[in-house]
1. Taking into account only those residues within the range 96-150 that are at pLDDT 80 or above and of a type in the set (D, E, K, R), which is surrounded by the fewest Cβ atoms within 10 Å (Cβ to Cβ)?
2. Would you please name the residue that is nearest to F170 (Cα to Cα), looking only at residues in the range 85-133 that are of a type outside the set (A, V, I, L, M) and free of Cβ contacts under 8 Å to residues at least 12 places away in the same chain?
3. For V91, are the conditions met, namely being out of contact with any helix residue (DSSP H, G or I) (no Cβ under 6 Å at 6 or more places or on another chain), assigned to a strand (DSSP E or B) and either buried (at least 20 other Cβ atoms within 10 Å of the Cβ) or among the acidic types (D, E) (or both)?
4. Tally the residues that are over 9 Å from the mean Cα position of the chain (by Cα) and outside any loop (DSSP other than H, G, I, E, B), restricting the search to the range 94-119.
5. Output the qualifying pairs, or none if there are none: Cβ atoms under 6 angstrom, residues six or more apart or on different chains, first residue in the range 213-238 and under 17 Å from L83 (Cα atoms), second residue basic (K, R).
6. Identify, please: which residue in the range 248-270 is loosely packed, with under 13 Cβ neighbours inside 10 Å and touching a residue at least 40 places away in the same chain (Cβ under 8 Å) and is, among those, nearest to L294 (Cα to Cα)?
7. Has the range 67-81 got at least one residue that is in a helix (DSSP H, G or I), touching a residue at least 24 places away in the same chain (Cβ under 8 Å) and farther than 30 Å from T187 by Cα?
Amino acid sequence: MLASLPGGVRGVLAALLLVFNTLLWCGILFVLALAKLVTPLGPARAALDRALNGVATRWVAGNSLWMRLTQRTQWDVAGVDELAGTGWYLVNCNHQSWVDILVLQHLLNRRIPMLKFFLKQQLIYVPVIGLAWWALDFPFMRRHSNAALARHPEKRQHDIDATRRACQKFALVPTSVMNFAEGTRFTRAKHVAQRSPYVHLLKPKAGALALALGALGDRFDALLDVTIVYPEGAPSFWQFLRGDVRRIVVRARRSVIPAALRHGDYTNDAAFRGAFQRWLQDQWREKDEAITVLRGG
């Protein structure tokens, strides 16, 4: 019934439901986060981590509920039904819109352990949700330009150490480490500026994936490669709330992570870095070809 409301009304209603759902579960999450601050590492800390993840899982389920109530989107999905809800996953996906995050959470919630995203450092200041991401141990990364790193090369190591510490926390509880390898949302302007060799994708950045593998190594059971296609074009967040997105196509593929890439020094070993980049570029070529097919040529 709600999906038949005018787009503007539906958008406002969806936004209110999102805010209510977020405030409801964040209140509980912050109480657990305070308890976590004063709890030493050990079984009690691991239990709190599981409780925090459980709260986040229910928040995602609440979002899925208002999406079903207010949206008329047709979902064309393959590759998620056979996923296991336990273990560790390294998840990689193309990135076009903030809507991607809701899509991934909606489809993968309770099918694999909770998604933990690599986030830009600035996002920790987003009201309410930034604090929630911090409480859930999402890795916050500072992205420096090549010029800035040339002036201050020590900043590269600071980022590596911070990311490694965040990933090491995931060894305690089964986790899905999520990465948008492009590092930013796809736009035609960025595509042209990069001179990307791909039709539908920006150039992938291997650093975050390599750091995650270096920190967790054999903990990861598999790589989950996810491809999202919006046949009518990538929507804004408001367009999604309004219910303007008529169809979303998602393909997920579980694959083995090569043993040779599970351990290595991506920063200092040029041979390892080259092998890792070639592995990711091969996946990106396959993803680019798949998007062409899914978009109908």
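The values are calculated or read from the model by the stated rules, or taken from the named source; none is laboratory data. All values derive from a computational prediction rather than experimental measurement. With ideal geometry, Cβ positions are generated from the backbone for all residues, glycine too; neighbour counts draw on all protein chains shown.
1. R110
2. The selected residue is G130.
3. Numbers: out of contact with any helix residue (DSSP H, G or I) (no Cβ under 6 Å at 6 or more places or on another chain): yes; assigned to a strand (DSSP E or B): yes; either buried (at least 20 other Cβ atoms within 10 Å of the Cβ) or among the acidic types (D, E) (or both): yes.
Spelling it out, V91 is indeed out of contact with any helix residue (DSSP H, G or I) (no Cβ under 6 Å at 6 or more places or on another chain), assigned to a strand (DSSP E or B) and either buried (at least 20 other Cβ atoms within 10 Å of the Cβ) or among the acidic types (D, E) (or both).
4. 8
5. Sorted first by the residue in the range 213-238, then by its partner, the pairs are A222/R254; L224/R254; D225/R253; T227/R251; T227/K287.
6. This residue is H263.
7. For the range 67-81, residues in a helix (DSSP H, G or I), touching a residue at least 24 places away in the same chain (Cβ under 8 Å) and farther than 30 Å from T187 by Cα: present.
Residue-wise test of (1) among the polar types (S, T, N, Q); (2) in contact with a Lys or Arg (Cβ under 8 Å, 6 or more places away or on another chain); (3) within 18 Å of W238 (Cα to Cα).
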position: G8; (1), (2), (3): no, yes, yes
position: N21; (1), (2), (3): yes, no, yes
position: L24; (1), (2), (3): no, no, no
position: I28; (1), (2), (3): no, no, no
position: K36; (1), (2), (3): no, yes, no
position: A44; (1), (2), (3): no, no, no
position: V55; (1), (2), (3): no, no, no
position: A61; (1), (2), (3): no, yes, no
